[in-house]
Amino acid sequence: MNLKVKFIIAGLWNTLFGWLIGIILYYSLSSHLDLVYILILSNYIAITNAFLLQKYFVFCSNGPFWPEYFKMFVSYGLIAIVGSSILWSLVEIFGYSFLYSQTVVSAAMVIFGYIMSKHFTFKHAKI
């Protein structure tokens with residue numbers, strides 16, 4: 001299967017998974033935790049899910065687990081910081097709903113995720 005097709009399939013799942021985790025955690029924890037902590041937790045779970053799917057399904061990487069995992073956290077962590085900052089601003093400053101803001105930010109993160117995965121995290125994978 002073509003790399004881009006596999007990435008699109010994985011990206012659709014990762015986006016849905018991350019979107020749902022964010023919503024589930026927000027609506028179950030927002031009365032107990034600040035939005036920033038919820039975003040950190042949901043991004044950690046979503047990045048781990050994305051890493052596993054990309055390592056074993058998209059890029060079929062035989063590279064060492066922990067260095068690739070670290071690289072994924074660096075690249076997706078940067079994306080998550082930017083995305084979370086935008087999401088926080090949309091909700092806390094501009095008053096948009098969390099659901100709307102999460103949807104907009106998730107869509108933008110897919111594009112940046114592909115670029116970072118292909119050219120940084122798994123650049124040595126034999127595709």
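Nothing in this text is a laboratory measurement; each read-out follows from the coordinates by a stated rule. Remember, predicted model here, so these are calculated numbers, not experimental data. All Cβ positions, even for glycine, are placed from backbone atoms using ideal geometry, and neighbour counts span all protein chains on display.
I'd like the Kirkwood hydrodynamic radius of the chain, using the inverse of the mean 1/r over distinct C-alpha pairs, in Å.
On the way: mean 1/r = 0.0672 Å⁻¹.
Result for the chain stands at 14.9 Å.
Can you tell me the relative contact order of the chain? Whole percent, Cα pairs under 8 Å, sequence separation 6 or more. Don't skip to the end; give the middle numbers.
Numbers: 106 pairs, mean separation 42.0, N = 127.
Relative CO of the chain lands at 33 percent.
Find out how many positive minus negative residues lie around Tyr26, taking Lys and Arg as positive, Asp and Glu as negative, among other residues whose Cβ is under 13 Å from that of Tyr26.
On the way: positive: none; negative: Asp34, Glu92.
Summing Lys/Arg as +1 and Asp/Glu as -1 gives -2.
Going by C-beta contacts inside 10 Å, put Ser30, Ser106 in order with the fewest on the left. Could you put the intermediate results ahead of the total?
Working: Ser30 13, Ser106 18.
Ranking Ser30, Ser106 by Cβ neighbours within 10 Å, fewest first, gives Ser30, Ser106.
Fewest Cβ neighbours within 10 Å first, please rank Leu35, Leu53 accordingly.
Numbers: Leu35 16, Leu53 19.
In order of increasing Cβ crowding within 10 Å: Leu35, Leu53.
Report, in debye and to the nearest 20, how large the dipole of the chain comes out about its Cα centre when Lys and Arg carry +1 and Asp and Glu carry -1 on their Cβ.
Working: 7 positive and 3 negative charges, 133 e Å.
With Lys and Arg at +1 and Asp and Glu at -1, about 640 debye.
Which helices count as membrane-span-like in the chain under these terms: full DSSP H, at least 30 Å along the axis by C-alpha, Kyte-Doolittle mean of -1.0 or more?
Passing helices, by number: 3-29, 65-88.
Could you state the number of Å between the C-alpha centres of the range 42-62 and the range 63-102?
So the separation of the two Cα centres works out to 15 Å.
Give me the net charge of Ile47's neighbourhood, meaning all other residues with Cβ under 13 Å from the Cβ of Ile47; Lys, Arg count +1, Asp, Glu -1. Spell out each step's value before the answer.
Values: positive: Lys55, Lys71; negative: Glu68.
After counting each charged neighbour, the total is +1.
For a footprinting-style exposure proxy, rank Met116, Met72 by other Cβ within 10 Å, fewest first. Walk me through the numbers on the way to the answer.
Numbers: Met116 20, Met72 23.
Sorted ascending by nearby Cβ count, the order is Met116, Met72.
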